[in-house]
Structure formats: C-alpha cells, structure tokens
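Here the structure is laid out as structure tokens; the discussion comes afterwards.
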Amino acid sequence: MPRPRLEATAVRGAGELGSLPYRGGSDDIDLDRTLEMLTERPVPEDEDIIVRDRTRTTRSVVLLVDVSGSMRGERVRTAAAAVGALAGELARDNLGVIAFWSDAAVLLEPGQSVRSAELLDNLLRLPAKGLTNVAFPLQLAAKQLSQVPVRDTRVILLSDCVHNAGPDPRPLAAQLPRLDVLLDSSGEKDIELGRELAAKGLGIFRTIHTYRDVAPAISAVFAAR
C-alpha cells in the first residue's frame with residue numbers, strides 16, 4: 001500500500017526521511033537547508049536548524065463492511081480479507097470498522113488499538129442477515145470522522161451495493177471527505193449505484209470478484225490521491 005503523504009505536521013517516527021525544523025528529536029542536520037535559513041537569520045532559534053528525520057502522516061480510514069443477507073459464502077472471505085489487509089497496514093493509524101445490514105455494528109472506533117485477530121473474530125461472528133441499508137453506515141462514518149482533519153481521511157465501502165432499506169445513500173456519500181467503493185461482483189450487485197456513490201464521494205470505484213482482488217483494489221484506492 002502506498003505510504004501516506006509527507007508533511008511538516010506529520011508525526012515523527014517510522015516513515016520516510018524528510019527535512020524538518022529541529023525539535024530536539026534528531027541530530028542529523030540538513031546543512032544546505034540550515035545555511036539557507038542562517039542567511040536570513042544571523043542569530044538563529046532552535047527551529048531555524050533544519051534536520052533530517054523520519055515522519056509519517058497519520059491516516060484516518062473507516063471501513064464499511066456489508067454483512068447483509070446477500071453477503072454469504074465466498075463474500076465473507078472477501079470481507080475478512082479487506083478487514084485483515086487494512087488492520088495490518090493501518091495499525092499505527094486511525095482505523096474504524098463498521099459492519100452493516102439493515103442495522104449496523106461498530107467493530108472498531110477510529111483511534112482504538114487494532115487487534116487484528118480479535119477484529120476478524122468479531123466480524124466473522126456476525127451472521128449474514130437482513131436487508132442492505134447503505135445510508136446508515138455512511139451516516140455513522142461521517143459522525144466518526146467529524147472531529148478529524150480532512151487530510152488523509154477517507155471512507156471505504158465494501159458491498160454489493162444492492163441498497164434495499166433506508167434513505168437514498170447518494171446525498172450522504174457527497175458529504176464525506178472521500179468515499180471509495182469496492183463492489184463485490186461475485187453475485188447480485190448494483191454496479192450503477194456503486195459507481196454513483198464513488199463519484200459523489202470523489203473517490204474511486206473497483207470491482208471485487210474474489211478475496212484475491214482485495215489487496216490490489218486497496219492499493220489502488222490509496223494510490224489515488
């Protein structure tokens with residue numbers, strides 16, 4: 001999966017090397033950048049010393065997993081693959097997971113510690129049941145992300161998009177910072193609605209045929225800025 005963007009406000013730690021103002025955490029001075037600063041400020045402050053340090057931007061991602069009655073059999077493996085892939089990659093970021101049918105269950109709040117095995121176990125314990133209300137999890141995701149900076153924030157919807165309960169989800173998709181749609185096409189599906197939701201959410205649309213397609217689709221989602 002592509003790494004998050006490098007920014008001056010990023011959290012220091014494991015990540016890519018970048019040039020940042022000195023804050024007491026590195027002694028690897030970027031001489032060229034520091035000399036540029038000193039030509040403008042003969043009496044420098046600590047922040048005028050530029051160092052090389054590793055940084056990463058914290059991403060906030062909410063995964064919406066369809067567990068309605070139409071998501072049985074092979075589709076359960078696809079859902080588990082998506083949860084497992086994101087839980088592994090975003091363990092140090094803010095990952096939220098919501099399972100939904102005509103109702104919804106919050107399996108992981110953004111910012112909570114990610115325990116992949118426990119998360120998968122909780123998902124697989126949910127029986128595939130009921131109708132498909134795509135609008136409700138979009139509402140919940142918007143609420144979860146309402147206090148998070150928009151930078152590197154997105155919602156990923158994994159569903160067949162056969163919406164047959166609740167209000168029209170299109171207006172809700174348009175209110176999200178970004179919505180990417182992974183449409184499970186192995187059975188009954190609504191490709192048109194899936195494409196419309198991704199377009200409204202300024203995200204991308206990918207079809208999933210088996211669980212093997214999950215990792216490439218997620219990589220495509222994060223490669224698209």
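How about the range 145-179: which of its residues are more than 17 Å from the chain's Cα centre (by Cα) and charged (D, E, K, R)? So that I can check it myself, show each step before the final result.
Filtering the range 145-179 down to residues more than 17 Å from the chain's Cα centre (by Cα) leaves 160-172.
Residues satisfying the conditions are ASP160, ASP168, ARG170.
The set of residues in the range 69-93 being within 12 Å of the chain's Cα centre (by Cα) and either open to solvent by less than 50 Å² (accessible area, probe 1.4 Å) or at pLDDT 90 or above (or both) consists of ALA82, VAL83, ALA85, LEU86, ALA87, LEU90, ASP93.
Scanning the range 105-144 for residues that are hydroxyl-bearing (Ser, Thr, Tyr) and open to solvent by less than 20 Å² (accessible area, probe 1.4 Å) turns up just one, THR132. Might you let me know whether the range 203-211 holds any residue that is out of contact with any Lys or Arg (no Cβ under 9 Å at 6 or more places or on another chain), loosely packed, with under 15 Cβ neighbours inside 10 Å and without any contact (Cβ under 8 Å) to a residue 24 or more places away in the chain? No: the range 203-211 contains no residue that is out of contact with any Lys or Arg (no Cβ under 9 Å at 6 or more places or on another chain), loosely packed, with under 15 Cβ neighbours inside 10 Å and without any contact (Cβ under 8 Å) to a residue 24 or more places away in the chain.
Summed over the range 145-170, the residues that are open to solvent by 20 Å² or more (accessible area, probe 1.4 Å) and either hydroxyl-bearing (Ser, Thr, Tyr) or under 13 Å from VAL221 (Cα atoms) (or both) give a count of 1.
Out of curiosity, is SER102 assigned to a loop (DSSP other than H, G, I, E, B), over 12 Å from the mean Cα position of the chain (by Cα), modelled with pLDDT of 85 or more and surrounded by fewer than 24 Cβ atoms within 10 Å (Cβ to Cβ)? When the stated conditions are applied, SER102 passes them.
Any residue at all in the range 171-188 that's open to solvent by 40 Å² or more (accessible area, probe 1.4 Å) and either within 17 Å of GLY73 (Cβ to Cβ) or touching a residue at least 60 places away in the same chain (Cβ under 8 Å) (or both)?
Taking the range 171-188 as the starting set, the residues that turn out to be open to solvent by 40 Å² or more (accessible area, probe 1.4 Å) are 171, 174-175, 177, 186, 188.
With the extra rule that they be either within 17 Å of GLY73 (Cβ to Cβ) or touching a residue at least 60 places away in the same chain (Cβ under 8 Å) (or both), the set shrinks to 186, 188.
Looking through the range 171-188, at least one residue is open to solvent by 40 Å² or more (accessible area, probe 1.4 Å) and either within 17 Å of GLY73 (Cβ to Cβ) or touching a residue at least 60 places away in the same chain (Cβ under 8 Å) (or both).
What do you reckon, is ALA128 within 19 Å of ARG77 (Cβ to Cβ), part of a loop (DSSP other than H, G, I, E, B) and not polar (S, T, N, Q)? Taking the combined requirement at face value, the residue satisfies it. Residue count for the range 168-183 satisfying the condition of being within 28 Å of ALA215 (Cβ to Cβ) and not in a helix (DSSP H, G or I): 9.
The values are calculated or read from the model by the stated rules, or taken from the named source; none is laboratory data. Values in this document were obtained by computation on a predicted structure and should not be read as measured data. As a convention, Cβ positions derive from the backbone with ideal geometry for all residues, glycine included, and neighbour counts pool all protein chains shown. Side chains included, ligands, DNA and RNA excluded: accessible areas come from the protein's heavy atoms. Shrake-Rupley method; radii C 1.70, N 1.55, O 1.52, S 1.80 Å.
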